[in-house]
1. Working only within region 223-240, note down all residues that are open to solvent by 10 Å² or more (accessible area, probe 1.4 Å) and aromatic (Phe, Trp, Tyr).
2. Give region 80-116 a look and list any residue that's touching a Cys at 6+ places or on another chain (Cβ under 9 Å) and not charged (D, E, K, R), or say none.
3. Could you please give the count of residues in region 132-188 that are over 28 Å from Asn97 (Cβ atoms) and not β-branched (Val, Ile, Thr)?
4. Any residue in region 294-316 that is open to solvent by less than 20 Å² (accessible area, probe 1.4 Å) and within 26 Å of Leu73 (Cα to Cα)?
5. Could you check how many residues of region 160-169 are surrounded by fewer than 24 Cβ atoms within 10 Å (Cβ to Cβ) and either in contact with a strand residue (DSSP E or B) (Cβ under 6 Å, 6 or more places away or on another chain) or free of Cβ contacts under 8 Å to residues at least 24 places away in the same chain (or both)?
6. Only one residue in Ser169, Ser131, Ser179 is over 30 Å from Ala48 (Cα atoms) and in contact with a Lys or Arg (Cβ under 7 Å, 6 or more places away or on another chain), so which one is that?
7. Would you pick out the residues in region 317-342 that are buried (at least 19 other Cβ atoms within 10 Å of the Cβ) and closer than 30 Å to Glu140 by Cα?
Amino acid sequence: MPGPARTSRIAWGTTAAVVALGVAAAGSATAGSATVGPATAALAASAASHADLAQRWAPIHYQDVDQTGTNALGGRSDYIAAYDFDGDLDGRNNWDNTGNHPLAATAYYSVQETGSHWFVTYMFFHPRDWSDSIFDTEHENDAEGVMVAVQKDGSTFGVLRGAVTVAHSDFFSYTPAGSTWGAGAENLDGTLQLATSPHDGLAHPVTAQEAKGHGLKARPGYDIRGDGVVYYPAGRAEVPEHPDDRDVSYRLVDVHTPGGLWAQRANGQLFASHGTFAGDRSGSCGDGGISCSQNSANAPWGWDDGDDGPGRGALATDPAGLSASYFRIPEHLDRTYVNNPY
C-alpha cells in the first residue's frame with residue numbers, strides 16, 4: 001500500500017523542462033508504421049534533440065525496497081542515485097557514504113542513431129548491492145539498465161519497437177503491444193508495458209528493479225512487493241520522502257556530457273578497469289551476506305550477457321547490431337551510425 005501523504009519534497013539539481021509533446025507524439029507510443037524511406041528518416045532525424053528523445057522514452061521506473069537488515073539503511077540502500085552522489089569521484093567510498101548523503105534520483109542515458117532508428121540506453125545506479133541472507137554476496141556500487149529501440153517514422157519521437165534490459169549478467173528482451181518486431185536469436189521474455197505519466201501525459205515504457213540485487217526487467221518481471229518507490233522522468237532529482245514513496249521525479253544526465261561518466265572512464269578512482277566500477281570491501285560490506293566482492297559493477301560499456309552475442313558492451317556501444325541479433329525485424333534496419341559517441 002502507498003505510504004503516508006507527502007508533506008515536503010526536496011529536489012536536487014534540474015534538467016531542461018519536460019517538453020510539451022502533443023497528442024500526435026503521444027499516439028506514436030503504440031502506433032505501427034510502414035518501412036521508412038530515406039526522406040522520412042531524414043525528417044525524423046532532425047525533429048528532436050537527443051536529450052528530448054531520451055526524455056520522451058525514459059521509463060516509469062518501479063524500485064522494490066527492502067528495509068530489513070543493517071545494510072538496508074531503512075530502505076535507503078535501494079534508492080537510485082548519481083554515481084557521484086557524495087560529491088567525489090571515488091568509487092571505493094560509496095558504500096560507506098550511502099547513509100551520509102541525500103540519494104537524489106538520477107538516471108544516465110546515451111543516444112545512438114542510424115538512418116532508420118534511435119537507440120536510447122538508460123543506466124540506474126545504486127551505491128550498494130546488498131543482502132540480508134548468508135547465501136548471497138554483497139558489493140559496492142551497482143549499475144543496471146535498459147536499451148530501448150525506436151523506429152523513425154516521420155513523427156517527432158518515432159515509434160517504440162523493442163527493449164533489452166540488464167539483470168546482473170543476463171539480458172532480457174521485450175516488445176510493446178503492436179510492435180512489428182519478434183524473436184530473433186533470443187526468445188522474447190515478455191511484453192513491454194507502457195503507462196501514462198501524470199507529469200507529461202505521455203505513455204512511457206515501464207521497468208522495475210528488485211530490491212537488494214537490483215536486477216532490472218520490464219514490469220512485472222520484477223515489481224514492488226511491499227514497500228517501494230515509483231520514479232518518474234520529470235526533469236528534476238528528488239529524494240524519496242520514505243521507502244514507500246510512489247511519486248518521485250528523476251533527472252536524466254547524458255553519459256557523454258563533458259566531464260561526465262564516459263569522460264571519467266580512465267579515472268582509476270572511479271573505475272578499476274575498462275567499464276568496471278571500482279569497489280572494495282571497506283565498511284560493513286559483507287556483514288549482511290556471505291561475503292563482499294570487489295570491482296563487481298559495470299557501466300553500460302561493460303554490460304555483458306556471457307551466454308549471448310554480440311559481446312561485452314555492445315548493448316550500449318552497438319545497439320543496432322545487438323537488436324539485429326536479438327530480434328526479427330521486418331523493416332529496414334540501418335546499422336551505419338549517424339551518431340555514436342562511444
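1. Tyr232
2. If the condition is that a residue be touching a Cys at 6+ places or on another chain (Cβ under 9 Å) and not charged (D, E, K, R), then Trp95 is the only one that fits.
3. Total satisfying the criteria: 30.
4. Scanning region 294-316, I find at least one residue that is open to solvent by less than 20 Å² (accessible area, probe 1.4 Å) and within 26 Å of Leu73 (Cα to Cα), so the answer is yes.
5. Residues that pass the stated criteria total 1.
6. Ser131
7. Once the filter is applied, which keeps residues that are buried (at least 19 other Cβ atoms within 10 Å of the Cβ) and closer than 30 Å to Glu140 by Cα, region 317-342 yields Thr317, Asp318, Pro319, Leu322.
Results for (1) free of Cβ contacts under 8 Å to residues at least 60 places away in the same chain; (2) farther than 22 Å from Pro319 by Cβ, shown as yes or no for each residue.
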residue: Asp84; (1), (2): yes, yes
residue: Ala105; (1), (2): no, yes
residue: Trp130; (1), (2): no, yes
residue: Ser133; (1), (2): no, yes
residue: Gly145; (1), (2): no, no
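The values are calculated or read from the model by the stated rules, or taken from the named source; none is laboratory data. Just so it is clear, the model here is predicted, and its values are computed rather than measured. Reconstructed Cβ throughout: ideal geometry from the backbone, glycine too, with neighbour counts over all protein chains shown. Calculation scope for accessible area: heavy atoms of the full protein, side chains included, ligands and nucleic acids excluded. Shrake-Rupley method; radii C 1.70, N 1.55, O 1.52, S 1.80 Å.
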